[in-house]
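Here is the structure we will look at, set down as structure tokens.
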Amino acid sequence: MRDSQGINMSRREVIVAGATGACATSMADGAAVAAPAAPQAPPGANVKLTINGKPREVTIDNRTTLLDLLREQLRLTGTKKGCDHGQCGACTVIVNGERINSCLSLAVQHQGDTITTIEGLGTPDKLHPMQAAFVKHDGYQCGYCTPGQICSAVAVLDEIKRGVPSHVQADIAARPTLSDAEIRERMSGNLCRCGAYSNILDAVNDVAERRA
């Protein structure tokens, strides 16, 4: 085939060129349709809570865990991030008198709650009795799990005092006792890779005996 401009193309070449052009146009249109939308800001919330005796108001992403709020936004880094799956207890804090794994709890769930972290139990100049007992009995080695261990131990003694039952009680209607088995059961959610369990038990018993 020869056109008026002197271009010599076979019929096959004309068909191939037309098909190629149509395909390119289609791909361009598809790319325009599939272009990603501009990213939107994640939903946020204002949360008021009391942390270590001080009222705080924070604006947070709804997906933020209590652990990340404490560590990343409020810089209370005493609470540790271990497994981040609620299995090691390193992130234990006390919320309204109850110990929880802060990595499993969304911060927006704690509107109006009272939260105590390791920083709120005592200071280097005035240690909480449980902190002092851990030092006395060497209830730590690397120390990474220690903040969670101490927060949990403080709550454990309060649970026993209030008569909260545990799995090792033969009669859950009876008041729990301060036995080693009782304390071990209640502290079992807090793991120590260094294996300082016997020293931790001694520290908890020390505080319990002094309170008694």
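The values are calculated or read from the model by the stated rules, or taken from the named source; none is laboratory data. Every value quoted in this text rests on a predicted model; they were computed, and no experiment measured them. We work out accessible area using only protein heavy atoms, side chains counted, and drop any ligands, DNA or RNA first. Shrake-Rupley method; radii C 1.70, N 1.55, O 1.52, S 1.80 Å.
At 1.4 Å probe radius, can you tell me the per residue accessible area of segment 71-212 in Å²?
The answer is 52 Å² per residue.
Take the solvent-accessible surface of the protein heavy atoms, probe 1.4 Å, and return the percent of it on segment 157-212 that carbon and sulfur atoms account for.
The computed percentage sits at 52.
How about Lys161: which aspartates and glutamates have a C-alpha closer than 16 Å to its C-alpha, ignoring those fewer than 8 places off in the same chain?
Glu98, Asp180, Glu182, Glu185, Asp206, Glu209
Relative contact order for segment 59-212: what percent, with Cα pairs under 8 Å and sequence separation of 6 or more?
About 24 percent, as a whole number.
Which lysines, on any chain, are close to Lys126 with Cα under 17 Å apart, when same-chain ones fewer than 8 places away are left out?
Excluding near neighbours in sequence, the set is Lys136.
For a quick check: with amide H placed at 1.01 Å from N, whose amide H comes under 5 Å from His128's, ignoring anything fewer than 5 positions away on the same chain?
Placed amide hydrogens put Gly122, Thr123 under 5 Å from His128.
How long is the gain from Leu74 to Val168 if the chain were fully straight, where each residue apart is worth 0.36 nm and the alpha carbon distance is subtracted?
Gain in length upon complete extension: 30.0 nm.
Need one word for segment 43-150: rounded, prolate or oblate. Basis is the Cα gyration tensor (sqrt eigenvalues a ≥ b ≥ c); a/c below 1.5 gives rounded, then a/b vs b/c decides.
prolate
Please give the contour-minus-distance gain from Lys136 to Asn46: 0.36 nm per residue of separation, less the Cα-Cα distance, rounded to one decimal in nm.
28.2 nm
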